[in-house]
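Below is one structure, written out as structure tokens, with a few remarks after it.
The values are calculated or read from the model by the stated rules, or taken from the named source; none is laboratory data. Note that the structure is a prediction, hence the values are computed from the model and not measured. Here Cβ is always computed from backbone atoms with ideal geometry, including for glycine, and neighbour counts include all displayed protein chains.
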Amino acid sequence: MPEYRKLSGERTVTVVGLVAGAAGIAILWASGVEFPVAIPPGLVILLVGALFVGLAPWRWAPGVGAFLGSFVTLGFLISGGLPNLVGGDGSTFFGTPNPIGRDTLGTIIGTWIQMIGVLTALIAGMMATWSNYRKPTQAQQ
């Protein structure tokens, strides 16, 4: 009979953060932001990461969520996305042209949701991984 385990609070928050980050990317996509391929890769990566963190049995699995959160955050900062976060000129968005030439409400909301989600995943993933290694392993009875 399979053994089911309950997700820790931090691991659950990590999954929710990754899904929120993916939802932010979906809002950006729906708002007309152009991505290099038909389906935004970040959307797929964050959703697959959320599945992995939620389903993987290993203690280090939430660290993958933390890594994905830091990866998206660093990419956002390196690409010059910060002006779009605060409603800048919007001439570029993550290195791709904004078709409208300025920020729209959808791009601002999508960016905020994405960044709040991935930062949540980063922090909660680190906390969950740290917590998993601090708890003594219980012997199977």
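Data table
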| quantity | calculated |
| --- | --- |
| Breaking point among (1) touching a helix residue (DSSP H, G or I) at 6+ places or on another chain (Cβ under 6 Å); (2) at pLDDT below 90, for residue 65 | (2) |
| Output for the stretch 112-134, where each listed residue is crowded, with 19+ Cβ neighbours inside 10 Å and polar (S, T, N, Q) | 114, 120, 129 |
| Tally of residues being of a type outside the set (A, V, I, L, M) and crowded, with 19+ Cβ neighbours inside 10 Å across the stretch 22-54 | 5 |
| Members of the stretch 41-61 found to be over 13 Å from residue 16 (Cα atoms), in contact (Cβ under 8 Å) with a residue 24 or more places away in the chain and not in a loop (DSSP other than H, G, I, E, B), listed by number | 42, 61 |
